[in-house]
Amino acid sequence: MNLGYYLGDYLDTGIKVPLEIQTRKKISNILLAGKSGSGKSLSGRWYIGDMLSTGESLVYMCDYKAGEEYEAFEGSPSYASGADAIQMILDFYDFFTEVRNKKLRLQQHYTLFIEEMSGLLNYAETQSKKLKTELQAKIGELLAVSRGLNMGVIVCVQRADASLFSSGAREQFMCIMSFGRCSAEQFRMLGFSGELEENPTVNYKPGQALVLLDGQEGIQEIIVPLVANPDVLCRNIRYCLDKQPDIRSLTRAVAEGRSKGL
Ligand SMILES: Nc1ncnc2c1ncn2[C@@H]1O[C@H](COP(=O)(O)OP(=O)(O)OP(=O)(O)O)[C@@H](O)[C@H]1O
Ligand SMILES: [Mg+2]
């Protein structure tokens, strides 16, 4: 997956040098953090388009906020908005559990994409405290274990507050991105603090981000392109989302031993 282009090269020379990561078995958990308007959702949509078009991963989307940028996916079995977003997480977790119980080696990579997780957890809490705790525990388990099973989780948050995650879960992201302008507090929460002393903060624009990758030294500055024709991108994503199996049928297939090709 292409995370974006190195910012320095892009600004200095206009040359687009991609920062590529491999989601499959490697960088499967990604955190997209940044204030409102920093470009998380549009970047997330670009990543989803990339993963689906290359077949790198199948994506199951939870969009509690039901944002305009994902409107084109409304009605797809692999996209859930509003309160249904909770069920998508529970369903993805059931698939994960079934795969783990059957000790299945998945050939395909599967990604759970959680848009604006804090809104979703706040809503869950209004339903019951237990539901919020259950979701956090399940997301935490997915973050901790899913990579080995060829699955991953992408989470978008405005503030990467520890209270959003079950204990230790925040440390399970192999790729942490901070979009746009960012407070010193957010930098600390993302684990960027040590790096920052050498790299004074610049005013990052929407779609520009700092990236901390497992196994790489230092922070990278990147820019995610603004897609010139979002309708085409959305149509392509929608086509792929509709074509992929829905998450419950995957769980059934694994439970019934029909797992060939999954
Ligand atoms: N890659 C980009 N290049 C240039 N501008 C961008 C880029 N991404 C987003 N923007 C601009 O920033 C605006 C907000 O982007 P986006 O909705 O992705 O932000 P967000 O971080 O998801 O905000 P929120 O937390 O409120 O959902 C876009 O409408 C667009 O004008
Ligand atoms: Mg957004």
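For this structure, a couple of remarks:
- The C-alpha atoms of the chain define a longest principal axis, and helix 117-127 lies at about 50 degrees to it.
- The calculated FRET efficiency for GLU71 paired with LEU106, based on their beta-carbon distance and R0 = 35 Å, is about 0.70.
- Nearest 10 degrees, 0 to 90: helix 40-54 Cα axis against the chain principal axis: 60 degrees
- In units of the rule-of-thumb radius 2.2 N^0.38 Å, segment 35-159 shows an alpha carbon radius of gyration of 1.03.
- Separation of segment 46-67 and segment 151-176, taken as the distance between their Cα centroids, equals 18 angstrom.
- Charge dipole (Cα centre; +1 on Lys/Arg Cβ, -1 on Asp/Glu Cβ; no other charges) of segment 2-255 amounts to roughly 760 debye.
- Potential lengthening between ASN203 and GLU134 on full extension [0.36 nm per residue; Cα-Cα distance subtracted]: 21.1 nm
- Peptides 13-25, 91-103 ranked from most to least packed give 91-103, 13-25, packing being the mean of other C-beta atoms within 10 angstrom over each peptide's residues.
- C-alpha long axis of helix 84-101 to longest principal axis of the chain, angle in °: 70 degrees
- Looking at the chain alone, DSSP beta bridges between its own residues are antiparallel in about 40 percent of cases.
- Note on segment 1-91: Cα convex hull, mean projected area over all directions, 7.2 nm².
- Using the Stokes-Einstein relation with a Kirkwood hydrodynamic radius computed over Cα pairs, the translational diffusion coefficient of the chain at 20 °C and a viscosity of 1.002 mPa s comes to 115 µm²/s.
- Put a dot 7 Å past the Cα of ARG159, heading toward its Cβ, do the same for SER249, and the two dots end up 4.2 nm apart.
Throughout, read-outs are computed from the coordinates displayed, never taken from laboratory work. Remember, predicted model here, so these are calculated numbers, not experimental data. Every residue, glycine as well, gets a Cβ built from its backbone with ideal geometry; the counts of neighbours run over all protein chains shown.
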